[in-house]
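The values are calculated or read from the model by the stated rules, or taken from the named source; none is laboratory data. In this text, all values refer to a predicted model and were calculated from it rather than measured experimentally. Reconstructed Cβ throughout: ideal geometry from the backbone, glycine too, with neighbour counts over all protein chains shown. Note: accessible area is taken over every heavy atom of the protein model, side chains too, but ligands, DNA and RNA are not part of it. Shrake-Rupley method; radii C 1.70, N 1.55, O 1.52, S 1.80 Å.
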Number of protein chains: 2
Amino acid sequence: MAKVSAKPLSGFIELKPLQQVKFNEIVDSLKQKLEIFGFMPLDLPIIERQEVLIDETDKNETQNQMYLFEKGENKLGLRFDGTVGLARFVAGNANDLTFPFRRYQVGRNFRGERPQKGRYREFYQCDFDIIGENTLDSSYEFEIINLIYELFETLKPYVGDVIIKVGSRKILNEIFNYLDIEESVRQNILIFIDKKMKVSRDELVEMMQEYIGQAKAEKLYEIIEGDYKKLQGLTPELDEKIAELSVIADMIVNITGAKNVEFDLSIVRGLGYYTGVVFEVFLKNEPSLGSVCGGGRYDNLSDKFSSRKFVGVGGAIGVSRLFVPMIESGAIKLDKNLVDVVVIAMNASNNSYAQVTGNRLRDAGIKTIVNIDSSKFKKKLENANKLDAKYIVVIGDDEEVEQLVTLKNMDTGESEKISVNQVIEKLGK
Amino acid sequence: MAKVSAKPLSGFIELKPLQQVKFNEIVDSLKQKLEIFGFMPLDLPIIERQEVLIDETDKNETQNQMYLFEKGENKLGLRFDGTVGLARFVAGNANDLTFPFRRYQVGRNFRGERPQKGRYREFYQCDFDIIGENTLDSSYEFEIINLIYELFETLKPYVGDVIIKVGSRKILNEIFNYLDIEESVRQNILIFIDKKMKVSRDELVEMMQEYIGQAKAEKLYEIIEGDYKKLQGLTPELDEKIAELSVIADMIVNITGAKNVEFDLSIVRGLGYYTGVVFEVFLKNEPSLGSVCGGGRYDNLSDKFSSRKFVGVGGAIGVSRLFVPMIESGAIKLDKNLVDVVVIAMNASNNSYAQVTGNRLRDAGIKTIVNIDSSKFKKKLENANKLDAKYIVVIGDDEEVEQLVTLKNMDTGESEKISVNQVIEKLGK
């Protein structure tokens, strides 16, 4: 019979075991750090109703990418990010939550994009948010930036140093007011500013001047290029927003030493829903990768689901997008040994003693495989070699009579006959 | 505007944060144990091609439950168990794997079943398998049973004691040969035997006699009801299979003390593909829940994808099905405290010192929230109470001048002014 292809679908991730070990190690370190910061885990459904996923007033590219289907009478789809489910969850469970509510989720999302390098159709994202009811003090914007700084300290062994670039939609809005830029063109201007890192000054000014004229475009460019603190004195409202960001900025400099955080008014994020600080994170070693983490402050998280008002500040790290290529290319080194010890029984009569020994090592937290199959000793040794075990424990009749084991270090070749307790002392975690 | 319902879809799991913490704790303990046993993690795609999911020669109930859809030119679907992807993966990556290949996966699967108590449409399953190429020694059947025993030792705090019931399709097959039962009715007989725990002796005999006559049905009942070791002497082939199982059984008794493992020929598992040992696990306290873990030995794992032959032995624990109802009902107690410490700044001028203190506690592994928002001290205290923090650390001007903090135990009400290092000594992990 003709065989079905064993390949995974194009655009889908399929890590090999030692690659998966490394990916899990990275994700676990993020989860642990988030919990140290008091963030609670959520693990919301992957399948949602289409009315939850689709924004009827804003049919956009994301919608074309969604996996949508019907089952029975239900119109369903797969979530494409971590926020849409959060919005529904917060609305439905507000009475059981303590606000400000800190939550994280490392989950799979699905987007049927055209496959391209570093883009996956099924990918993990690590989302973290602080949600307030009605209001959320600007100190929580600081908390998120501090958290991101600490998350990337955790990730430093894998990705090196990062730059966290922080912008302010509030300040930008006051600059728009000051320059008398019409509401109707502001979203366009934001989308242009978002491209600043990729285009020249002249190109950006040219894009903007079509909407606001050359003078304002040049003035705006000059402002977003400069230090936001030097803008003081233009309007009282702008001064107020600058003072607010300065409080956060000073605290960040105080905490992080400012080596990894920059304030940059050209950081805007294209999306419509941000209303306060916005941020993006870039790798110092590989800025061409683009933003590896982004987010900001948003209002009206759940107004689709609730008449209560929820506001938040949060971000997301594209963990698959960031780490899968680095793991696959070898930029992140894999562990050689997954197994600490392979216990080998010399004869079938030693099988039970080998098993008991194996379980004792496991109880001590030592990763152990027991090989009691009917193959020859040499074959078992070969298998231990293939498994890259750090040690083998050999159990034969002598060992069983003496209630000892022979421990062999596979790197040095040294071996010694010792008790199981001594093995545990030597290798135990 | 009319609001969209915030409820999750019927049949879908949505745990609240403290419930999710407990679920994750249980799953993590399983993963850790599996890695101690040398099992490697896989995390295969959720979306597969329909030709991977669907068995064209065996259109069955599972297929009606599948979530199938099209995207562009691709006919796709969501995986319904952990084996179908494994079969494809092993076929596609055999040259990179070391056999016997031990792998586990805790992943979401999807089945659009009619919702009923304890059945979910999107659910986690913990799969574990040992795969061999061409052959797999029966010692690996022992290894899996030993593993299951140890996994349920880990789960004992949540579910109490279990009974692992072990049957043998090989022995059953020899009994069928001995009783001269036709090949064509054997699958039916297996399905009836699978019901033995739910029906009376007479009902089971009546079901079977329609296919094999009353005498054979009664004889078969008597055999599967009895001790398999007493069957010796009927045919040489049967004796051989009994001897093989006895080796495994003796080792299990030797290792586990036999309190949790029973050999029972009526354990068959309905599915067609098992060929050796089969097992199911039941809770001693709640046998009515049915089997909470099952599996066995199978041949031809990947023949749909490869002309190489892979055989395996493995099982799966229905972690959502087992634990979600126990978590939701309160049968499994939730942790009260997720947060160890809330650091409260008395005045805005103390915010930076509060932040630095918070980060130092976090570096020591203490779960810490820092509250520097602009609300009054009383409000911050209320929030710490709602978060069920074990301790609060209060930082005012006095503390900042003295470079100390006030630590208050929220259970006892006691408080003391000490250094951050002393707090870490007291609460550090």
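General observations
- Percent of Cα-Cα distances greater than 39 Å, calculated over chain B: 37
- Taking the alpha carbon gyration tensor of the protein assembly as shown, multiplying each eigenvalue by 5 and rooting it gives semi-axes of 55, 32, 26 Å, largest first.
- Here the Karplus relation 6.51 cos²θ - 1.76 cosθ + 1.60, evaluated at θ = phi - 60°, turns the backbone of the stretch A:104-117 into coupling constants of 9, 8, 10, x, 7, 10, 9, 9, x, 6, 4, x, 8, 3 Hz, with x for every Gly and Pro.
- Sorted peptide list for A:222-228, A:273-279, B:194-200, criterion being average Cβ within 10 angstrom, highest first: A:273-279, A:222-228, B:194-200
- Annotation: amide H-H contacts under 5 Å for B:K309 (H modelled 1.01 Å from N, sequence separation of 5 or more, or interchain): B:N134.
- Positive-end ranking of B:T235, B:C293, B:S306 along the dipole of the stretch B:227-307, with charges on Cβ about the Cα centre, is headed by B:C293.
- Ligands, DNA and RNA left out, the accessible area of the stretch B:52-201 computed with a 1.4 Å probe is 40% carbon and sulfur.
- Degrees separating the helix B:214-225 axis from the principal Cα axis of chain B, which is the longest one: 40
- Mean sequence separation of contacting Cα pairs (under 8 Å, at least six apart), scaled by the length of the stretch A:234-344, corresponds to a relative contact order of 14 percent.
- Between the stretch A:113-188 and the stretch B:387-429, the Cα center-to-center distance that results, in Å: 33
- Distance from the stretch A:264-320 to the stretch B:1-74 (C-alpha centre basis), Å: 28
- Other protein chain C-beta atoms within 10 Å of residue C-beta, averaged over B:71-82: 2.
- Pair-distance profile P(r), taking every C-alpha pair of the stretch A:14-160, with 10 angstrom steps and integer %: 9, 32, 35, 21, 3
- Zone residues, the stretch A:380-409, relative to A:S349, backbone N less than 19 Å from point 7 Å out along Cα-to-Cβ: A:394-406
- With Cα atoms, 0 to 90° folded angle of helix A:377-386 axis to chain A main axis: 10
- Chain A - accessible surface per residue (Å², probe 1.4 Å): 43
- Where a label projected 7 Å from the Cα of B:E240 along Cα→Cβ would reach, residues of the stretch B:166-205 with amide N under 12 Å: B:174
- Shape annotation for the stretch B:211-361: C-alpha extents along the principal axes are 89, 43, 35 Å, from largest to smallest.
- In Hz, Karplus ³J(HN,Hα) per residue of the stretch B:44-54 (6.51, -1.76, 1.60; θ = phi - 60°; x = Gly, Pro): 6, x, 7, 8, 10, 5, 4, 5, 6, 6, 9
- 20 Å Cα-Cα reach of A:K117 towards aspartates and glutamates, excluding residues that sit fewer than 8 places from it in its own chain: A:E14, A:E61, A:D81, A:E286, A:E328
- Closest approach of a chain A Cβ to the axis relating A and B (residue, whole Å): A:F69, 2.
- On Cα atoms only, tilt of A:351-363 relative to the major axis of chain A in degrees: 30
- Spin-label model, B:I424 to A:E203: label points 7 Å out along the Cα-to-beta-carbon direction sit 4.8 nm apart.
- Inter-copy spacing of A:N24 label points, which lie 7 Å from Cα along Cα→Cβ, given in nm from shortest upward: 1.6
- Peptide A:369-378 has a mean of 4 when you count, residue by residue, the C-beta atoms of other protein chains within 10 Å of its C-beta.
- Normalised by the number of residues in chain A, the mean separation of alpha-carbon contacts (under 8 Å, six or more apart) gives a relative contact order of 15 percent.
- Pairs with C-alpha atoms separated by more than 23 Å, drawn from the list B:K196/B:K219; A:K333/A:K378; A:K33/B:K379; A:K75/B:K71; B:K336/B:K367, are A:K333/A:K378; A:K33/B:K379.
- Label distances, nm, A:S375 versus same residue in remaining copies, Cβ-directed 7 Å point: 6.3
- For the residue pairs A:K31/B:K386; A:K241/B:K417; A:K376/B:K304, the alpha carbons lie more than 30 Å apart in A:K241/B:K417; A:K376/B:K304.
- Only protein heavy atoms count here, probed at 1.4 Å, and on that basis chains B and A bury about 8100 Å² of accessible area in total.
- DSSP bridge pairs, the protein assembly as shown: antiparallel proportion in percent, nearest 5: 80
- Sequence-ordered 3J(HN,Hα) estimates for the stretch A:308-325 from the Karplus curve with 6.51, -1.76 and 1.60 and θ = phi - 60° stand at 6, 9, 10, 10, x, 9, x, x, 8, 9, x, 5, 5, 4, 7, 9, 4, x Hz, glycine and proline given as x.
- Compared with the alpha-carbon gap, the fully stretched path from A:L179 to A:S5 is longer by 56.6 nm at 0.36 nm per residue.
- Paramagnetic reach from B:D161 (point 7 Å along Cα→Cβ, amide N under 14 Å) across the stretch B:275-311: B:282-287
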